[in-house]
Each structure stands twice: as C-alpha cells, then as structure tokens.
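I have placed the structure first, in the form of structure tokens, so that the comments after it can refer back to it.
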Amino acid sequence: MGQGKSQFSEEELQDYQDLTYFTKKEVLHAHQKFKVLAPEKVGHNKNAKLPMSKMLNYPELNVNPFGDRICKVFSSSRDGDCTFEDFLDMMSVFSETAPKSVKAEHAFRIFDFDGDDMLGASDLKQVIERLIGKDNHLDEAEMEHLIQNILEEADLDDDGALSFAEFEHIIDRSSDFMK
C-alpha cells in the first residue's frame, strides 16, 4: 500500500492521525477494512457513505448486540449510515490507545437509547435484554429487581436514572471495562 496507491494525500493522512488515536499506517489499514464492506462504492469514492446494513457486515459489529446503536452513535447523520470518517472515529474510540474516558463517553451514548443524556430504567432494560440475548429472558419481576439493584448501587443522587458522571464512576471502578 504505497503512497501512490493511497486515496488520501499526505496532508489528509496527517489530519486523520492528528484527530484519532491512529498512526497514518493504521488509518490506511482502517480504510482497507472500510473498503471491504462495499468495494463497489468505496473503491472509487473516498467520501462514500455506507448504509447501516453494510456497516453491520463488519465482523466486530455483526456479533455485537449493540452493533446498530454503535453505528447510530458514530454516524454523523445519526441514522447509522457511515462515511469513512465516521468509521475511522469508531475504530479509533475502540482502539487500545483510546483513553478510558473517551470509551466511557461513547459507551454511555450507545446505552442511552432515548437520547435524554440519562440512563433510565427503559435504557437499562434494553441494555440488559441485549446483553442476555434473545434466547434468554427475565420475567418482569426479575428485570425490575435487576434494574433496581443497578440503580441502588450506582444512582448516587437517587433521581431514578444514571447521569454520565454516575456511569463514569461505575466505569472507574470496573477493571475490565477497557477489555
């Protein structure tokens, strides 16, 4: 992948390196991964926007119960369709070199299904349902009990929902969040 084959100028690569947690080489590698999702669109147009259905073919998104939410959070149009820059931002945030605080901010946005900047009971229910999978389910009483336990543990101001600060407090205490 020599400089002659790149769809990006040296200046563009430098900008991407400056704006992400990636080196120029990693930016080019991410572009190759993006291109594989729709070579017919991306091969000749570095500004191509891929529909969420194509994005969900990316192996890491395909197996993630939050794949659609991840696409929507990183999509500049918020509909799940992603440009290369959206994809690069996503890859950068989930990279090993991204700080825990950046990962926490994006995880919070992914779990905030209703977009009210709080993780309320309905958000927590959706998170739990996605984590346990379609084949496993809790009855209503078990679900309510689990949500109440989460809120009792983490809702420091007792307002019935988790703010980003409360969520971040939980993340700071979790050693395996970065994994």
For region 142-169, how many residues are assigned to a helix (DSSP H, G or I) and either open to solvent by 60 Å² or more (accessible area, probe 1.4 Å) or under 19 Å from residue 65 (Cβ atoms) (or both)?
15
Please work out if residue 18 is assigned to a helix (DSSP H, G or I), open to solvent by 70 Å² or more (accessible area, probe 1.4 Å) and closer than 30 Å to residue 167 by Cα.
yes
Listed by first then second residue, the pairs whose first member lies in region 157-172 and is of a type in the set (D, E, K, R), whose partner is open to solvent by 50 Å² or more (accessible area, probe 1.4 Å), with beta carbons under 7 Å and at least 6 positions apart or on separate chains, are 166/156
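Looking at region 72-89, can you tell me whether even one residue there is outside any helix (DSSP H, G or I) and in contact with a Pro (Cβ under 8 Å, 6 or more places away or on another chain)? First the steps, then the outcome.
Just the residues of region 72-89 that are outside any helix (DSSP H, G or I), to begin with: 75-83.
If we keep only those that are in contact with a Pro (Cβ under 8 Å, 6 or more places away or on another chain) as well, we get 80-81.
Within region 72-89, one or more residues are outside any helix (DSSP H, G or I) and in contact with a Pro (Cβ under 8 Å, 6 or more places away or on another chain).
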Quickly run through region 1-35 and pick out the residues that are of a type in the set (A, V, I, L, M, F, W, C) and at pLDDT below 95.
1, 8
Flagged in region 103-120 as exposed (fewer than 15 other Cβ atoms within 10 Å of the Cβ) and not acidic (Asp, Glu), in numbering order, are 115
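For region 21-54, which residues satisfy the criterion of being assigned to a helix (DSSP H, G or I) and over 17 Å from residue 74 (Cα atoms)? Before you say what the answer is, go through the steps one by one.
Of the residues in region 21-54, the ones assigned to a helix (DSSP H, G or I) are 24-37, 39-42, 52-54.
Correct list: 24, 25, 26, 28, 29, 32, 35, 36, 39, 40, 41, 42.
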Would it be correct to say that residue 110 is modelled with pLDDT of 95 or more, more than 19 Å from the chain's Cα centre (by Cα) and not assigned by the TED database to the domain that holds residue 38?
no
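Looking at residue 92, is it small (Gly, Ala, Ser), part of a loop (DSSP other than H, G, I, E, B) and modelled with pLDDT of 95 or more? Outline the logic, then answer.
Details: small (Gly, Ala, Ser): yes; part of a loop (DSSP other than H, G, I, E, B): no; modelled with pLDDT of 95 or more: yes.
No; evaluated as a whole, the condition is false for this residue.
When the residues of region 55-70 are narrowed to those that are assigned to a helix (DSSP H, G or I) and touching a Phe, Trp or Tyr at 6+ places or on another chain (Cβ under 9 Å), which ends up nearest to residue 127 (Cα to Cα)? Full working, then the answer.
So in region 55-70, the residues assigned to a helix (DSSP H, G or I) come out as 55, 59-62, 67-70.
From what is left, the residues that are touching a Phe, Trp or Tyr at 6+ places or on another chain (Cβ under 9 Å) are 55, 60, 67, 69-70.
Values: 55: 21, 60: 18, 67: 12, 69: 11, 70: 13 Å.
Checking each candidate, the answer is 69.
Does region 24-76 hold any residues that are acidic (Asp, Glu) and either in the same structural domain as residue 125 (by the TED database) or in contact with a helix residue (DSSP H, G or I) (Cβ under 7 Å, 6 or more places away or on another chain) (or both), and which are they? Talk me through it step by step, then tell me what you get.
Of all residues in region 24-76, those acidic (Asp, Glu) come to 26, 40, 60, 68.
Answer for region 24-76, where residues must be acidic (Asp, Glu) and either in the same structural domain as residue 125 (by the TED database) or in contact with a helix residue (DSSP H, G or I) (Cβ under 7 Å, 6 or more places away or on another chain) (or both): just 68.
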Please state which one of 139, 89 is under 10 Å from the mean Cα position of the chain (by Cα), open to solvent by 50 Å² or more (accessible area, probe 1.4 Å) and among the acidic types (Asp, Glu).
89
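The values are calculated or read from the model by the stated rules, or taken from the named source; none is laboratory data. This one's a predicted model, so the numbers in the text were calculated from it and none came from an experiment. Quick reminder, even Gly has a Cβ in these numbers, built from the backbone with ideal geometry, and neighbours come from all protein chains shown. Ligands, DNA and RNA are excluded from the accessible area calculation, which covers all protein heavy atoms including side chains. Shrake-Rupley method; radii C 1.70, N 1.55, O 1.52, S 1.80 Å.
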